[in-house]
1. Can you confirm whether residue 191 is closer than 19 Å to residue 299 by Cα, among the hydrophobic types (A, V, I, L, M, F, W, C) and within 14 Å of the ligand (Cβ to nearest atom)?
2. Does the stretch 353-370 include one or more residues that are away from the ligand (no atom under 16 Å from the Cβ), basic (Lys, Arg), in the same structural domain as residue 296 (by TED's automatic domain parsing) and at pLDDT 95 or above?
3. Among strands (runs of 3 or more DSSP E) lying entirely in the stretch 1-76, which contain 1 or more residues that are at pLDDT 95 or above and within 12 Å of the ligand (Cβ to nearest atom)?
4. Looking for something within 8 Å of the ligand (Cβ to nearest atom), touching a residue at least 60 places away in the same chain (Cβ under 8 Å) and surrounded by fewer than 23 Cβ atoms within 10 Å (Cβ to Cβ) - is there at least one such residue anywhere in the stretch 293-313?
5. May I ask you to verify whether residue 326 is assigned by TED's automatic domain parsing to the domain that holds residue 29, hydroxyl-bearing (Ser, Thr, Tyr) and without any contact (Cβ under 8 Å) to a residue 12 or more places away in the chain?
6. Quick one: how many residues across the stretch 294-345 are among the polar types (S, T, N, Q), over 22 Å from residue 68 (Cα atoms) and at pLDDT 95 or above?
7. For the stretch 130-153, check the following and say yes or no: at least one residue is in the same structural domain as residue 8 (by TED's automatic domain parsing) and under 22 Å from residue 312 (Cα atoms).
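The values are calculated or read from the model by the stated rules, or taken from the named source; none is laboratory data. Computed from a prediction, not measured in an experiment: that's the story for all the values here. Virtual Cβ from ideal backbone geometry, glycine too; neighbours counted across all protein chains shown.
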Amino acid sequence: MVKALDMLENEAEFDVVIVGAGMVGASTALGVSDLGLSVLLIDSFAFQSTMPDYTPSYDARSTAISWGSRDILNQLNVWADVSDHASPISHVHVSEKGRFGVTRMSADELKREALGYVVPNQWLGQCLLKKIEEQQIPLCAPAKVTSIHSVDGRQLICLEAKDASTARSKNISARLIIIADGTCSSTAGLLGIENDVEQYGQHALIANITTELPNDGVAYERFTSGGPLALLPLTERSSALVWTHDSESIQTFLDMSDDVFCQALQDAFGERLGRITRCGARNSYPLRLVRAKEQYRPGILLLGNAAHSLHPVAGQGFNLALRGVSTFLETLKKVELIQGDIGEISILKGLSDERAKDQATTILFSDQVVKVFGHSSLLVGLARDMGLIALNNFPMLKSVFASQAMGLAGKKARF
Ligand SMILES: Cc1cc2nc3c(=O)[nH]c(=O)nc-3n(C[C@H](O)[C@H](O)[C@H](O)COP(=O)(O)OP(=O)(O)OC[C@H]3O[C@@H](n4cnc5c(N)ncnc54)[C@H](O)[C@@H]3O)c2cc1C
């Protein structure tokens, strides 16, 4: 239910206000509402309806969703819809151009129906926002938070909506504000929360491509001298490409004609899927590792990219964020049962401590994949070969790696 600012009551009170209706904010809102609490979503994007074709979060990308994330989306009652356009990953194939090390992993050997799923972001958005509408969760857009003050344990929020000629504002309040407005959150910035930023000097180029041979549900991860390349299965003969390039050369790849681009991709990827026959629109995203220096304050919690934004090469950002959402919802449920205060600092600290290990491991995993496979020395190359071979041949090692990649490591939250 998209509401303009005017339609919101002044001084309205909510249990939870979520800033950012992207993949993380919308998922969190569904879980909070399921617990019977009042929730308001705010987004700066001008949503015309809750079924938009394109928003900053629900754009032309596709997301590799781990087995663990499927379970969380199922608990949020959206998986049944999402699964209509979710392509199962039956195998993962990791290789490096010009080297001999290869790792293969299959759902069968891990006794799973799939290793994970690939879902177009636009579809994920439509499913999440359809549920937001069904659950009558108000979405106030376009609007931004301009100030937050804490008074007697409640957060007082000033909201503003601007159009070409006028700026209107409203005051609302909440027991807890969730900040989920993406990388280098401007809402967290209002509170003076800073970020640690590490630039990779790279951009990810994304496009959907069509191949001569069917992909048979295989997700390819290939490391090339230009940068890592992932091809994720979408339909029988189409795959979602995420190809990392140095920031200096990205424009060249964006400007190429389709034919020249397909040939460049073919050279980097090889013949495993036969000829690359077509490529769709190409877009690019700057890559950096961004971590908020604080993830909570009394009455405030940062989730998703606002808290941590990762390199997409290992497909872990949203999966990590969803695990954070599920732990938050589990905590919220427990606190509600004892009629506690979810905004209390000790509870938010406990939640943050619980998430710290998974965050550190996943961030390290994604960061090291970029650095190790970005290294051109002969010795490091040899070590990579040995690593891929070891991973392929030692079942214990493989199962540890798989459980991390499939989002199954650690305790599962129930909410
Ligand atoms: C190329 C690429 C490929 C990726 N592939 C994968 C993958 O395969 N698997 C995976 O797990 N992850 C992947 N990721 C990461 C994943 O996209 C992110 O983890 C996810 O988008 C984070 O969602 P979010 O809701 O936190 O932030 P966002 O998606 O950035 O959403 C933020 C929302 O906040 C709104 N907003 C912004 N500013 C304001 C403001 N001031 N006030 C109110 N609202 C505001 C925006 O309009 C938007 O709706 C990939 C990322 C990239 C770049």
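1. Yes; evaluated as a whole, the condition is true for this residue.
2. Looking for residues that are away from the ligand (no atom under 16 Å from the Cβ), basic (Lys, Arg), in the same structural domain as residue 296 (by TED's automatic domain parsing) and at pLDDT 95 or above, one finds none in the stretch 353-370, hence no.
3. Where strands (runs of 3 or more DSSP E) fall fully within the stretch 1-76 and carry at least 1 residues being at pLDDT 95 or above and within 12 Å of the ligand (Cβ to nearest atom), they are 12-19, 39-42.
4. Yes, the conditions are met somewhere in the stretch 293-313.
5. no
6. Summing the residues that are among the polar types (S, T, N, Q), over 22 Å from residue 68 (Cα atoms) and at pLDDT 95 or above in the stretch 294-345 gives 1.
7. Checked against the condition, which is being in the same structural domain as residue 8 (by TED's automatic domain parsing) and under 22 Å from residue 312 (Cα atoms), the stretch 130-153 yields no hits at all.
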